[in-house]
Every structure is written in C-alpha cells, then in structure tokens.
Amino acid sequence: MPTRLVILRHGETEWSASGRHTGRSDIPLTAAGRSQAATVPDRLAALDFGLVSTSPSMRAVDDAVHFEDEWCSHAVFPE
C-alpha cells in the first residue's frame, strides 16, 4: 500500500473567524472549531492513519485527539 500524507488545517478559532492571522499565537478552538474537528474522523474513515502528528498548539492538539485510538498514535512536535 502506498504511503499517503494528509494535511488538515485546525478548526475555527476566534481569530480565524474574524479574519485575523493566528500564526504562532496559541489561540484555542471555538465551540464551532471543536465541532468541526469532531467530524473529521468520520469524513476520513476510509483512510488508515498509522500516525497523527501535530504542532504543540492547543488548537492543533484539540483537532488531533479525535484521531487517537488503538490503530493510531499521536505525536506532538516540540516548539
């Protein structure tokens, strides 16, 4: 099976909702952003993820935890 790389952007933050650039600021997800993140695993259910890697920002980690289960590990890159 070929290796596949899937890149996802984090869910909504207050800054992204208002058009501000989040950059390296550690802005949390809004309720809408958490809801968006929760839908991703179902939408990508046909793919087999062996590893989910994320930045250490809380918005990215909040998204990535939805992929953790017995077939997927979770790695956080240090800053």
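The values are calculated or read from the model by the stated rules, or taken from the named source; none is laboratory data. Just so we're clear, the structure is a prediction, and the values are computed from it rather than from any experiment. Virtual Cβ from ideal backbone geometry, glycine too; neighbours counted across all protein chains shown.
Determine if the range 11-24 includes at least one residue that is surrounded by 11 or more Cβ atoms within 10 Å (Cβ to Cβ), touching a Phe, Trp or Tyr at 6+ places or on another chain (Cβ under 9 Å) and either closer than 17 Å to Val65 by Cα or of a type in the set (Gly, Ala, Ser) (or both). Give the steps one after another, and end with the answer.
Looking only at the range 11-24, we keep the residues that are surrounded by 11 or more Cβ atoms within 10 Å (Cβ to Cβ), and these are 11-17, 20, 22.
Filter again for touching a Phe, Trp or Tyr at 6+ places or on another chain (Cβ under 9 Å), leaving 22.
Subsequent filtering for residues that are either closer than 17 Å to Val65 by Cα or of a type in the set (Gly, Ala, Ser) (or both) retains none.
No, because not a single residue in the range 11-24 is surrounded by 11 or more Cβ atoms within 10 Å (Cβ to Cβ), touching a Phe, Trp or Tyr at 6+ places or on another chain (Cβ under 9 Å) and either closer than 17 Å to Val65 by Cα or of a type in the set (Gly, Ala, Ser) (or both).
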Practice item. Would you mind telling me which numbered condition in (1) surrounded by 10 or more Cβ atoms within 10 Å (Cβ to Cβ); (2) modelled with pLDDT of 80 or more Ala31 fails? Key: (1)
**Study point:** Failed criterion for Leu29 (all others in (1) in contact with a Lys or Arg (Cβ under 7 Å, 6 or more places away or on another chain); (2) aliphatic (A, V, I, L, M); (3) more than 14 Å from Ala64 (Cα to Cα) hold)
**Key:** (3)
Check your understanding: Of the conditions (1) over 10 Å from the mean Cα position of the chain (by Cα); (2) modelled with pLDDT of 80 or more; (3) in a loop (DSSP other than H, G, I, E, B), Asp42 fails just one. Which one is it?
Key -> (3)
Check your understanding: Between a first residue in the range 26-46 that is free of Cβ contacts under 8 Å to residues at least 24 places away in the same chain and a second residue that is not in a helix (DSSP H, G or I), which pairs have beta carbons less than 7 Å apart while being 6 or more apart in sequence or on different chains?
Key -> Thr30/Glu12; Thr30/Thr13; Ala32/Glu12
